[in-house]
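The values are calculated or read from the model by the stated rules, or taken from the named source; none is laboratory data. From a predicted model like this one, the values you see are computed outputs, not experimental measurements. Using ideal geometry, Cβ is built from the backbone for each residue, glycine included, and neighbour counts are taken over all protein chains shown.
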């Protein structure tokens, strides 16, 4: 019996030794931090303290506090919250501002509080107190939406103003009565509000001052009064106001070449030369100029006859705007001639073969152009100068064919008398069966409509303008994924118009098909889209 007990002790010891060498650990902590105490207590009334302390059951840290924290009503002097950047079991809020009487305050920490070890977030934590005898409890919720783009904005500030103090200028220079933020979503919830009448604004801000900066920020508004309490969900459509046309600067970038940078819409603007120093011309009208717009930036390329010119005075006008600029011409080096084609190996059936230059053309010599297709068969073609720096080569395209265009030296000459070296452009056309088509049926009573087909980078591939009809067909489409955007052209000017807060003008409605169309080779798809 003793021997049996002895063997049992040996087996138990060996088992324990084996366990000691192979620890398994405990389950992963997935619980958010818990608030165990606050001073003063949560929902305190007749609040008159300058300091708030919040205690947790474990070490926490504050993350992205400047972005996440929203205090409503907003404070003139921001509260000091500590510690930041260090793990702690206590957060302290020091109030530097004078609080309004009979007002419920909300410190919304968003998702900024997380435990120190696992990063578990205490979501949407709000510390609430009132300087009056009761806590206000009304809510107002809704969503924000970008008025034009499919990609939505996050961290949008939603501002609420008492209707009896609201005026147009208030959004530019005064704080709102209440504020909320969508954080990393598009929905908002203004809480702890008083009963009453309000006006609402949303801003996608560049700085968190709750004041509208039209040059840089998007705004959304409802031009009617909201009366609380209400169960109505608010929809706010964010837009950026189109700035007035204004030339920002004129820079000389090379001899005879200026950059004219501007904001707004340059259409119908006029550039005049009013004075030229060291004038080698009999009159200003002999001063030759060429302009074209940069395709990537809000810049006009301005070229001129540079002979012995020391300075030029420009007058730029549009509508009621007039600006004068004096430009010193100091550059000694001129632009080199650079030619590019629009084809990257394949030319689409609906595209024209185009040659563009960084400098305006002076002369095009068709005799120096050689155009061949497969088996060295000459191609009949025409040249069309679409812009001062853009040349189209027009010809009848055949599917599944190879082409080669050669521009021999001196085929293209710039205004600075620079001629091209030999330019070779080789490309092909695809077989007809490579392409697909999409038929769109827009179910709506709205008219006219701008229908736009976008690629995955939101570049417009094809568009159509529908008046009193709802169906369109896009043919000869490259197999890829497409996005459908529809614009209700309310003012019938054939473009999307943004809004204007001061004019109480909302942006024109924009709709997207609720799915991406994945077009395959030789597919013919039919899609319908409902627009309210």
I'd like to check something: does region 480-495 contain any residue that is modelled with pLDDT of 95 or more, part of a strand (DSSP E or B) and more than 30 Å from residue 222 (Cβ to Cβ)? yes
Could you tell me which of the residues 300, 321 is surrounded by 13 or more Cβ atoms within 10 Å (Cβ to Cβ), farther than 28 Å from residue 397 by Cβ and at pLDDT below 95? 321
In region 307-318, anything under 13 Å from residue 287 (Cβ atoms), surrounded by 17 or more Cβ atoms within 10 Å (Cβ to Cβ) and in contact (Cβ under 8 Å) with a residue 40 or more places away in the chain is listed as 314
Answer yes if at least one residue in region 342-358 is touching a helix residue (DSSP H, G or I) at 6+ places or on another chain (Cβ under 9 Å) and touching a residue at least 12 places away in the same chain (Cβ under 8 Å), and no otherwise. yes
If you take just the strands (runs of 3 or more DSSP E) that sit entirely in region 24-143, which of them hold at least 3 residues that are in contact (Cβ under 8 Å) with a residue 40 or more places away in the chain and over 30 Å from residue 161 (Cα atoms)? 51-62
Regarding residue 86, is this residue touching a strand residue (DSSP E or B) at 6+ places or on another chain (Cβ under 8 Å), exposed (fewer than 13 other Cβ atoms within 10 Å of the Cβ) and either under 19 Å from residue 209 (Cα atoms) or not assigned by TED's automatic domain parsing to the domain that holds residue 179 (or both)? yes
Kindly indicate whether residue 291 is at pLDDT 90 or above, under 30 Å from residue 170 (Cα atoms), in contact with a strand residue (DSSP E or B) (Cβ under 7 Å, 6 or more places away or on another chain) and not assigned by TED's automatic domain parsing to the domain that holds residue 177. no
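To keep it simple, each residue is scored yes or no on (1) without any contact (Cβ under 8 Å) to a residue 40 or more places away in the chain; (2) under 28 Å from residue 294 (Cβ atoms); (3) not in a loop (DSSP other than H, G, I, E, B).
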position: 371; (1), (2), (3): yes, no, yes
position: 385; (1), (2), (3): yes, yes, yes
position: 393; (1), (2), (3): no, yes, yes
position: 397; (1), (2), (3): no, no, no
position: 403; (1), (2), (3): no, no, yes
position: 406; (1), (2), (3): yes, no, yes
position: 413; (1), (2), (3): no, yes, yes
Taking residue 522 as meeting all but one of (1) assigned to a strand (DSSP E or B); (2) more than 22 Å from residue 457 (Cα to Cα), write down the number of the exception. (1)
Condition set in contact (Cβ under 8 Å) with a residue 60 or more places away in the chain and crowded, with 17+ Cβ neighbours inside 10 Å, scope region 215-225, selection farthest from residue 140 (Cα to Cα): answer is 218
The number of residues in region 415-433 that are outside any strand (DSSP E or B) and surrounded by 17 or more Cβ atoms within 10 Å (Cβ to Cβ) is 4
Condition set over 40 Å from the mean Cα position of the chain (by Cα) and surrounded by 12 or more Cβ atoms within 10 Å (Cβ to Cβ), scope region 377-397, selection nearest to residue 353 (Cα to Cα): answer is 381
Go through (1) more than 30 Å from residue 276 (Cα to Cα); (2) over 32 Å from the mean Cα position of the chain (by Cα) for residue 340 and report which single condition fails. (2)
Would you confirm whether or not region 107-123 contains a residue that is in contact with a strand residue (DSSP E or B) (Cβ under 8 Å, 6 or more places away or on another chain), surrounded by fewer than 18 Cβ atoms within 10 Å (Cβ to Cβ) and farther than 30 Å from residue 207 by Cα? yes
Would you tally the residues in region 179-200 being touching a residue at least 60 places away in the same chain (Cβ under 8 Å) and under 27 Å from the mean Cα position of the chain (by Cα)? 7
Residue 407 - would you say it is in contact with a helix residue (DSSP H, G or I) (Cβ under 7 Å, 6 or more places away or on another chain), modelled with pLDDT of 95 or more and surrounded by 15 or more Cβ atoms within 10 Å (Cβ to Cβ)? yes
Quick one: how many residues across region 244-260 are buried (at least 16 other Cβ atoms within 10 Å of the Cβ) and either in contact with a helix residue (DSSP H, G or I) (Cβ under 6 Å, 6 or more places away or on another chain) or farther than 16 Å from residue 290 by Cα (or both)? 2
